[in-house]
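Here's the structure, in structure tokens; my notes come after.
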Amino acid sequence: MDYVERVLETLKAKNPNEPEFHQAATEILNGLRPVVGRHPEYEKTALLERFVEPERIIMFRVPWVDDGGNVRVNKGYRVQFNSAIGPYKGGLRFHPSVNLSIMKFLGLEQILKNSLTGLPIGGGKGGSDFDPKGKSDMEVMRFCQSFMTELFRHIGQDTDVPAGDIGVGGREIGYLFGQYKRLRGEHVGVLTGRGLSYGGSLARTEATGYGLVYMMEEALKCRGDGFKGKTVIVSGSGNVAIYAVQKAQSLGANVVAMYDSNGYIYDKNGIDLAVVKQIKEVERGRIKLYAERVKGAEYHEGCKGIWNIPCDIALPCATQNEIDEESAKALVRGGVKYVGEGANMPTTLGGISVFQNANVVFLPAKAANAGGVATSALEMAQSSGRSYWSFEEVDAKLKTIMVNIYHNIDRAAAEYGAAGDYVAGANIAGFLKVADAMTAQGIV
Ligand code: NDP
């Protein structure tokens, strides 16, 4: 058994019943084998063992009262995973599926993603099994206030700066920030994704989706190709999905399908994004309504069928493990040539192998969706400097960051004998900086 295998075996034994955490750690550590081979000192200083163990996990009770006067209790989490290169940074997810395994997989991925941005941010993640869907604004507010009443003592603009993720958008960030300010008496950049009227950054809302498309555009460009005329499938219909569609369409792509957790829409004429935005951002309704409003569009119950639609480019932007081996095979049969992960870990390990064996250009989440956190770091810089940058300025910085990440992971993959394997490239390029910082700071 080599060092990587031993670390993985121990991790699985010490953290049973955490399949998503095992999956993320397996993908990352396997990709790091060539690096570990060149750095025997990592084993002597138990660097990998320290890397996969969160610095701190905070778990807490979140009691709140619903509109009917009933007391509800949810679980709250913050995983402060690694602060070697900067304050912990990573989103909060509110979704009924949230548990410790999901928090830890997201936190581990976040360390490398944040490192890849080139900005000084460490890795963290948090959230709750609270489901904002179907709740009134006042219920969401009471929940957020209760959540922050515990979380506020663990975060700060120089220690840990949470942001949004699934189920946490502008509304939730507003309520969370209001309660933090009330408890601390400080108006500081402790959360990112804030509204523009209270310290937010232009282009943050668009950043993850736009960033994904900027990186894919660069990958296409390097192959003498482009988005123009390409058939694209984007899964999900939340923040990341909507802005990925917007940017891809602006570059001439024909986006034909999207979904929410109930089912998918197929519109061969190209998705009318204004209709999707009205349903999802304004009405907080179901994607099914799209087919009732747009002539010629179809709605199908269930999500999996979306991957049978022939396409050139697939951008999974909903959630973890949405593309399994079978779905990946369906995509390959349908002619997919490029896959870019907007969501975190949307492809299973089996699915990734299918894409790689079929020579599909595969851009993994920790690189491809880093635009969101990168722009959050730009929001932090604006907060510290008490300044505001224009949309164009932030967008231009975002594009430069995404193009740089693409070339960094491309170079790292080639340098370590895995040319074109961006999973390995992203893990290696992200890890080297963190490992260097951890080594410099001693055994901590
Ligand atoms: P949103 O809550 O805005 O949207 C999530 C979308 O995914 C919704 O359409 C939702 O459908 C769908 N979805 C959620 N769970 C499932 C499921 N089990 N099956 C099918 N569809 C599902 O979240 P975001 O757009 O912010 O996040 C999407 C992904 O991108 C996540 O993996 C997140 O971690 C990642 N990400 C987000 C960043 C950001 O800046 N927001 C940054 C980097 C990564 P429904 O409404 O029916 O639940």
Practice item. Scan region 416-444 residue by residue and report those that are closer than 21 Å to GLU41 by Cβ, open to solvent by less than 40 Å² (accessible area, probe 1.4 Å) and of a type in the set (Ser, Thr, Tyr). Key: TYR416
Point to revise | Those residues of region 370-429 which are polar (S, T, N, Q) and in a helix (DSSP H, G or I), in sequence order | key: THR375, SER376, GLN382, SER383, SER384, THR400, ASN404, ASN408, ASN427
Review point. Does ILE242 satisfy being in contact with a strand residue (DSSP E or B) (Cβ under 6 Å, 6 or more places away or on another chain) and on the phi < 0 side of the Ramachandran plot?
Key: no
Review point. Tell me, which residue of region 263-278 that is in a helix (DSSP H, G or I) and within 13 Å of the ligand (Cβ to nearest atom) is surrounded by the fewest Cβ atoms within 10 Å (Cβ to Cβ)?
Key: LYS277
Practice item. For region 386-402, state whether one or more residues are loosely packed, with under 14 Cβ neighbours inside 10 Å, on the phi > 0 side of the Ramachandran plot and without any contact (Cβ under 8 Å) to a residue 12 or more places away in the chain. Key: yes
**Study point:** Matching residues in region 221-247 - criterion: being open to solvent by less than 20 Å² (accessible area, probe 1.4 Å) and away from the ligand (no atom under 15 Å from the Cβ)
**Key:** PHE227, VAL232
**Study point:** Cβ-Cβ under 9 Å pairs, at least 6 apart or on other chains, region 126-142 side of a type in the set (Val, Ile, Thr), far side outside any loop (DSSP other than H, G, I, E, B)
**Key:** VAL140/PHE94; VAL140/ARG171; VAL140/GLU172; VAL140/TYR175
Study note, to complete from the structure: Taking region 151-160 and keeping only residues that are out of contact with any helix residue (DSSP H, G or I) (no Cβ under 7 Å at 6 or more places or on another chain) and part of a helix (DSSP H, G or I), one is left with LEU151, ARG153, HIS154
Check your understanding: Could you list, in sequence order, the residues of region 203-220 that are hydrophobic (A, V, I, L, M, F, W, C), over 18 Å from MET258 (Cβ atoms) and away from the ligand (no atom under 12 Å from the Cβ)?
Key -> MET215, ALA219, LEU220
Review point. Can you pull out the residues in region 293-324 that are of a type in the set (S, T, N, Q) and within 15 Å of the ligand (Cβ to nearest atom)?
Key: THR319, GLN320, ASN321
Check your understanding: For region 248-262, which residues satisfy the criterion of being open to solvent by 10 Å² or more (accessible area, probe 1.4 Å), more than 14 Å from the ligand (Cβ to nearest atom) and either within 20 Å of THR347 (Cα to Cα) or in contact with a helix residue (DSSP H, G or I) (Cβ under 8 Å, 6 or more places away or on another chain) (or both)?
Key -> GLN249, LEU251
Check your understanding: Tell me, which helices (runs of 4 or more DSSP H) wholly within region 1-113 include 1 or more residues that are open to solvent by less than 50 Å² (accessible area, probe 1.4 Å) and aliphatic (A, V, I, L, M)?
Key -> 3-14, 19-31, 33-38, 47-51
Revision key, fill the gap. In the set GLY189, GLY126, GLY134, GLY167, the lone residue that is under 23 Å from the mean Cα position of the chain (by Cα) and open to solvent by 10 Å² or more (accessible area, probe 1.4 Å) is GLY167
Check your understanding: Which of (1) open to solvent by less than 10 Å² (accessible area, probe 1.4 Å); (2) touching a Leu at 6+ places or on another chain (Cβ under 6 Å) is the odd one out, the single condition TYR406 does not satisfy?
Key -> (2)
Point to revise | Inter-residue pairs, beta-carbon under 7 Å, first touching a residue at least 60 places away in the same chain (Cβ under 8 Å) and in region 1-19, second aromatic (Phe, Trp, Tyr) and assigned to a helix (DSSP H, G or I), 6+ apart | key: ASN15/PHE21
Exercise for review: Output the qualifying pairs, or none if there are none: Cβ atoms under 8 angstrom, residues six or more apart or on different chains, first residue in region 82-96 and within 8 Å of the ligand (Cβ to nearest atom), second residue acidic (Asp, Glu).
Suggested key: GLY91/ASP165; ARG93/ASP165; HIS95/ASP129; HIS95/ASP131
Exercise for review: Could you figure out which of (1) open to solvent by 10 Å² or more (accessible area, probe 1.4 Å); (2) touching a Phe, Trp or Tyr at 6+ places or on another chain (Cβ under 7 Å) isn't true of MET215?
Suggested key: (1)
Review point. Looking only at region 121-180, which residues are hydrophobic (A, V, I, L, M, F, W, C), more than 12 Å from the ligand (Cβ to nearest atom) and out of contact with any Lys or Arg (no Cβ under 7 Å at 6 or more places or on another chain)?
Key: PHE130, MET138, MET141, PHE143, CYS144, PHE147, MET148, ILE155, LEU176
Exercise for review: Restrict the check to region 404-422 and report whether at least one residue is within 16 Å of the ligand (Cβ to nearest atom) and under 21 Å from the mean Cα position of the chain (by Cα).
Suggested key: yes
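The values are calculated or read from the model by the stated rules, or taken from the named source; none is laboratory data. In this text the structure is predicted, and so the values were computed from the model without any measurement. All Cβ positions, even for glycine, are placed from backbone atoms using ideal geometry, and neighbour counts span all protein chains on display. Ligands, DNA and RNA are excluded from the accessible area calculation, which covers all protein heavy atoms including side chains. Shrake-Rupley method; radii C 1.70, N 1.55, O 1.52, S 1.80 Å.
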